[in-house]
Amino acid sequence: MDFFVDFFHNKVYYILSNTKYIVIRGVLMNEVSKQLKKGVIEILVLKILSLENLYGYQIIQLLDEKSEGTFKMKEGTLYPILYRLEDSKLIESYWEAGTEKRGVPRKYYRITEAGRQQLLDMQQEWYVMADSINLILRMEGV
Amino acid sequence: MRSSINTYVAAVLENIAADEGMKKRIEKDLIAHINEACAQGDEADILDRMGAPEEVAREFMDNIYENKEDVIEKLVQERALNDRLMRGLYEYKSKAALFGLPLLHIKVSNRYYGGRMGVAKGIIAIGNISMGVLSLGGIALGGICFGGVSLGLVSLAGISLGLLLALGGVAVGSFAVGGLAVGFGAIGGAAFGKIAYGGFAKGVVAIGGKAVGKYIISGTEISTGQYVLGEVRKEEIESVIRAAYPNISSWIVKLFSALGA
């Protein structure tokens, strides 16, 4: 098994038949986990927006920090999700003029009432599904 | 906003196959996002962390379209549009018709890329060559024409031939207005006609800086080859036209006399 260490980004890549593995919290994360993560990002974005109005850059930072590096999201992943949530009226956005020296306008996102309801539904579904998956994964014999 | 950020975002957008609305959305968000990141770090590091614009574009494409069919559909649309614009013809013919002609016919090709000339024929015709009641084209023929070169009853073009009225760089018509105007009535830098009004005017009636004709109102030569037509009163213009053409319609007289003071 080949591997190389990317010191700059603090990652280790293991190369197994052209599949890219990334070590996060000591666990090898591959393409499968990438797809798994994709499926749950919407619920996570809704969750953090239910706590506070945030702009895109903050969402990426917060998800990275709170998940201890598991959810390192790229711009190309986050924004299409925000667009889908916005188009579904689960969140809404507004621009605010920058107050700091740079004065760059920021686009904040806030959750809507429909978004809060959707979050509750998704959370319930998640718990049911996670429990069911765990039940099966812990099976030792049929 | 820094130009390097704009350049980076433009490169990302170049590699995204999406409609203009989506691209605008991404552009605004990405610029705001990078600016925000740059407020907390070095710009070069931020752009390096984000990766090559092609990678960012791929990530967007991967997430904008939830399934492969959507991407394929978008790429096919883009390819077809590109083909139409770059090589082939773009054609639209309205179903509604009048006197056997479509109400609107658009037929345009980009000849630069080897396309054939699009000839549009309709009540309203738009094409490389257009023929219609209202006609817009490189070469426009018909009733009211706008084009590079046009021939019609009323014509506005670089080179304009109008049976009734011609307006253009070079205008030839019953009534012509242009840089070079030739007509029964002509108004222009150089005007030639039965009644001519211009910097240089030649006609039966000629009114101009330098006027040549039978009935003339001419300016004065201020230096060699330079003529200036001073203030001419409306009544003077009217009387000189009436002297040449006593039975002329009064609207023609009024039209020319309106040029006077």
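Rule-based calculations on the coordinates, nothing more; no lab input. What you see is a predicted model, and the numbers here were worked out from it, not measured in a lab. Here the Cβ positions follow ideal geometry from the backbone for every residue, glycine too, while neighbour counts run over all protein chains shown.
May I ask you to derive the relative contact order of segment B:1-157, considering only C-alpha pairs under 8 Å and at least 6 residues apart, and to give it as an integer percent?
10
Based on the Cβ-Cβ distance from A:GLN117 to A:TRP95, what FRET efficiency comes out when R0 is 22 Å, to the nearest 0.05?
The value I calculate is 0.25.
Put +1 on the Cβ of each Lys and Arg and -1 on the Cβ of each Asp and Glu in the protein assembly as shown; which of B:ILE241, B:SER3, B:ILE126 then has its Cα farthest toward the positive end of the dipole?
B:ILE241
Would you tell me the mean number of C-beta atoms belonging to other protein chains that fall within 10 Å of each C-beta in A:106-113, as a whole number?
Average per residue, whole number: 1.
Which length gain, in nm to one decimal place, applies between B:PHE99 and B:GLU221 when the Cα-Cα distance is subtracted from 0.36 nm times their residue separation?
38.3 nm
What is the average number of partner chain Cβ atoms found within 10 Å of a Cβ in A:80-86?
Taking all residues of A:80-86 together, the mean is 4.
Evaluate peptide B:58-71: per residue, the Cβ atoms of other protein chains within 10 Å of its Cβ; return the mean as an integer.
3
Can you compute the modelled spin-label distance between B:GLU27 and B:LEU153, with each label point 7 Å from Cα toward Cβ, in nm?
With each label point 7 Å from Cα toward Cβ, the separation is 4.3 nm.
Which lysines, if any, have their Cα less than 26 Å from the Cα of B:LYS214, not counting same-chain residues under 8 positions apart?
The qualifying lysines are B:LYS194, B:LYS202, B:LYS234, B:LYS254.
Anything over 26 Å Cα to Cα? Flag those among A:LYS107/B:LYS68; A:LYS47/B:LYS74; B:LYS23/B:LYS95; B:LYS24/B:LYS68; B:LYS68/B:LYS107; B:LYS23/B:LYS93, in the order listed.
A:LYS107/B:LYS68; A:LYS47/B:LYS74; B:LYS23/B:LYS95; B:LYS68/B:LYS107; B:LYS23/B:LYS93
Counting Lys and Arg as +1 and Asp and Glu as -1, each charge on the Cβ, what is the dipole of chain B about the Cα centre in debye, to the nearest 20?
2100
Among A:LEU46, B:GLY213, B:LEU164, which residue has its Cα positioned farthest towards the positive end of the charge dipole of the protein assembly as shown, with +1 placed on the Cβ of Lys and Arg, -1 on the Cβ of Asp and Glu, and the dipole taken about the Cα centre?
My answer, from the dipole projection, is B:GLY213.
Work the Kirkwood hydrodynamic radius out for the protein assembly as shown: mean of 1/r over every pair of different alpha-carbon atoms, inverted, in Å.
28.1
Using +1 at the Cβ of each Lys and Arg and -1 at the Cβ of each Asp and Glu in the protein assembly as shown, identify which of B:ALA97, B:GLY179, A:SER67 lies farthest towards the dipole's positive end.
B:GLY179
Amide H to amide H, which residues 5 or more places from B:ALA140 or on other chains are under 5 Å from it, using H placed in the peptide plane?
Placed amide hydrogens put B:SER130, B:GLY148, B:VAL149, B:SER150, B:LEU151 under 5 Å from B:ALA140.
Is segment B:167-257 best put as rounded, prolate or oblate by its Cα gyration tensor, with a ≥ b ≥ c the root eigenvalues, rounded for a/c under 1.5, and otherwise prolate when a/b is larger than b/c, oblate when not?
It comes out oblate by the Cα gyration axes.
Around B:ASP42, under 12 Å between beta carbons, what's the net of Lys plus Arg minus Asp minus Glu among the other residues?
That works out to -2.
Lys and Arg at +1, Asp and Glu at -1: add these up for the other residues within a Cβ distance under 15 Å of A:GLU92 and post the number.
Neighbourhood net charge equals +1.
With Cβ to Cβ distances under 14 Å as the rule, what net charge do the other residues near B:GLY203 carry (K, R +1; D, E -1)?
+4
To the nearest 500 deg cm²/dmol, what mean residue ellipticity at 222 nm is calculated for the protein assembly as shown from DSSP H runs of n ≥ 4 alone, each contributing -39,500 (n - 2.57), summed and divided by the residues?
Here the helix-only value at 222 nm equals -13000 deg cm²/dmol.
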